[in-house]
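Asks: Mind looking over this structure? Questions follow.
The values are calculated or read from the model by the stated rules, or taken from the named source; none is laboratory data. Treat the numbers as computed from the prediction; the structure is a model and nothing was measured. All Cβ positions, glycine included, derive from the backbone under ideal geometry; neighbour counts span all protein chains shown. The protein model used for the area step is the full one, side chains on, heavy atoms only, and it has no ligands, DNA or RNA in it. Shrake-Rupley method; radii C 1.70, N 1.55, O 1.52, S 1.80 Å.
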Amino acid sequence: MRLRSVLVAALLLLLLSACAPSGTAPSGSGAAPVTLHLGYFPNVTHATAIVGIEKGFFADALGGNVTLHTQVFNAGTDAVEALFSNALDATYIGPNPAINAFAKSHGQAIRIIAGAASGGASLVVKPEITKAADLAGRTLATPSLGNTQDVALRAWLKDQGFATDAEGGGDVSVKPQTNGDALQAFTVGQIDGAWVPEPWATRMVEEGGGHVLVNEKDLWPDGKFVTTHLIVSTAFLDAHPDVVKQLLTGDVAANDFVNANPDQAQQIVSKALSDLTSSQLPAGTLAKAWQNLEFTVDPIASSLATSAKHATDLGLLDPVDLAGIYDLKLLNEVLTAQGKPTVATP
């Protein structure tokens with residue numbers, strides 16, 4: 001009877017373990033190891049991600065049972081492709097690629113779980129271009145078709161009365177290319193300007209002799225608009241909410257460090273960008289770029305619907321209902337536990 005009781009108890013324990021949701025087990029001691037694939041870009045607008053990686057804030061928050069793999073992307077469209085192919089679990093990204101991912105998956109593939117940066121994007125042009133009308137017949141660059149800066153440029157050009165198309169035709173030719181290639185093309189005179197994130201906007205001014213025709217923050221209420229936020233695959237969020245919460249703990253810590261230690265954060269970002277792009281930022285460039293940014297865990301949800309409307313009006317996105325794109329519950333749990341103000345859920 002004693003042996004039979006032990007066997008019954010063991011069988012019940014086995015059944016309970018098999019029925020437990022896969023993502024609810026804590027990722028601490030005794031839980032199955034988890035690998036988190038995290039994406040980010042070599043831009044100053046991704047300073048929170050860079051500092052979180054380089055200073056170990058993510059690694060510390062995730063603990064020894066979670067292996068962190070990071071991958072660098074040039075633009076959000078590439079990161080979304082990696083997420084759709086299950087090569088990525090979470091990524092820092094701009095608003096429009098996140099909207100596209102949500103729309104293409106019928107609201108199933110991703111959730112926005114935190115903010116990272118506001119501001120830090122500009123249209124830099126040749127010195128002789130001093131007003132919008134001077135852009136007629138000119139060639140401009142953006143990081144990639146349909147990415148955040150691409151939509152911003154095309155929407156602004158439309159407001160100025162210019163037509164553009166995805167093939168680079170129209171009144172103003174928009175030719176997407178990597179930020180590094182755009183800087184080189186601008187410097188040698190192959191393009192007339194580019195709408196790019198920092199530090200590339202400042203580099204085009206400092207190294208290419210350009211000037212800022214449009215600072216994007218001037219187009220938004222109170223100068224606030226989401227440039228970078230953190231998204232996660234819904235499948236990973238459902239399977240590993242504990243790991244996502246740990247990632248957010250690291251995100252908040254990195255964001256706090258960036259705001260409390262701007263000089264040190266700039267040094268970390270400068271070295272990381274040099275390593276990632278094989279290009280050293282000139283002295284003073286990063287400090288100037290930094291002034292155009294605000295680092296915040298608030299995803300500034302109010303600006304997302306406007307970005308979606310711009311993309312829809314341009315024919316780059318079908319009308320989309322963004323209800324459900326945000327899941328800020330875990331972020332607010334982290335903020336509440338640390339005595340910080342929570343972020344309003346849209």
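Asks: Tell me which of GLY339, THR306, PRO282 sits at the most positive position along the dipole axis of region 259-346, charges placed on C-beta atoms (Lys, Arg +1; Asp, Glu -1).
Replies: PRO282
Asks: Out of GLN246, GLN291, GLN149, any idea which swings most in a Gaussian network model of the chain, alpha carbons joined below 10 Å?
Replies: Result: GLN291 has the largest fluctuation of those listed.
Asks: State, as an integer percentage, the relative contact order of region 104-258 based on alpha-carbon contacts under 8 Å between residues 6 or more apart.
Replies: 38 percent
Asks: Give the Cα extents of region 109-165 along the principal axes, in whole Å, largest first.
Replies: 42, 23, 18
Asks: If contacts are Cα pairs under 8 angstrom and at least 6 residues apart, what is the relative contact order of the chain in percent?
Replies: 26 percent
Asks: Name the most mobile residue of ASP150, ASP251, ASP321, meaning the one with the largest mean-square fluctuation, in a Gaussian network model of the chain with Cα contacts below 10 Å.
Replies: Between ASP150, ASP251, ASP321, it is ASP321 that shows the largest mean-square fluctuation.
Asks: How big is the Cα convex hull of the chain in projection, averaged over all directions, in nm²?
Replies: Seen from a random direction, the Cα hull of the chain projects 19.3 nm² on average.
Asks: Can you tell me, using C-alpha contacts under 8 Å and at least 6 residues apart, the relative contact order of region 206-319 as a whole percent?
Replies: Answer for region 206-319 is 31 percent.
Asks: Report, in degrees rounded to the nearest 10, the 0 to 90 angle that the Cα long axis of helix 302-313 makes with the longest principal axis of the chain.
Replies: It is inclined by approximately 60 degrees.
Asks: Also: Taking a cut-off of 15 Å between Cα atoms, list the aspartates and glutamates near LYS245, but don't count ones fewer than 8 places away on the same chain.
Replies: Within the straight-line cut-off, LYS245 pairs with ASP60, ASP89, ASP327, GLU333.
Asks: Measuring from centroid to centroid over Cα atoms, what is the spacing of region 200-264 and region 293-346 in Å?
Replies: 13 Å
Asks: Right, next: List the pairs from LYS217/LYS288; LYS126/LYS288; LYS55/LYS340; LYS217/LYS309; LYS224/LYS288; LYS104/LYS271 whose alpha-carbon separation is above 25 Å, in the order I gave them.
Replies: LYS104/LYS271
Asks: Now, a different point. Magnitude of the Cβ-charge dipole of region 96-187, K/R +1 and D/E -1, about the Cα centre, nearest 20 debye?
Replies: 240 debye
Asks: Kirkwood hydrodynamic radius, region 275-346, all distinct C-alpha pairs: what's the number in Å?
Replies: After inverting the mean inverse Cα-Cα distance, the result is 15.9 Å.
Asks: Taking amide H positions as placed in the peptide plane 1.01 Å from N, state which residues far from GLY120 in sequence (5 or more) or on other chains have amide H under 5 Å from it.
Replies: Excluding prolines and chain starts, which carry no amide H, the hits are LYS217.
Asks: Expressed as a whole percentage, what fraction of the accessible surface of the chain belongs to carbon and sulfur atoms when a 1.4 Å probe is rolled over the protein heavy atoms?
Replies: The C+S portion of the solvent-accessible surface of the chain is 53 percent.
Asks: Still on this model: Given all pairs of different Cα atoms, what value in angstroms does the Kirkwood hydrodynamic radius of region 65-154 take?
Replies: Evaluated on region 65-154, it is 15.3 Å.
Asks: Moving to a separate point now. Could I get the Rg over Rh figure for region 178-272? Both from C-alpha atoms, Rh via Kirkwood, rounded to two places.
Replies: 1.08
Asks: Among TRP195, ALA116, TYR92, pick out the residue whose Cα is farthest towards the positive end of the charge dipole of region 74-195, where Lys and Arg carry +1 and Asp and Glu carry -1 on C-beta, about the Cα centre.
Replies: The one lying farthest along the dipole's positive direction is ALA116.
Asks: Continuing with the same structure: Check THR70: other-chain or 5+ apart residues with amide H under 5 Å from its amide H, H built from backbone geometry?
Replies: Amide H neighbours of THR70: LEU38.
Asks: Sticking with this structure for a sec: Averaged per residue, what accessible area in Å² does the chain show with a 1.4 Å probe, protein chains only?
Replies: 43 Å²
Asks: What percent antiparallel are the DSSP beta bridges of the chain, to the nearest 5?
Replies: The answer is about 65 percent antiparallel.
Asks: Among TYR40, TYR326, TYR92, which one shows the highest mean-square fluctuation when the chain is modelled as a Gaussian network with alpha-carbon springs under 10 Å?
Replies: Its mean-square fluctuation being the largest, the pick is TYR326.
Asks: Now for a separate question. Could you work out, for region 156-198, what percent of all Cα-Cα pairs fall into each 10 Å distance bin, beginning at 0 Å and stopping at the bin that holds the largest distance?
Replies: Going from the shortest bin to the longest, the percentages are 27, 50, 23.
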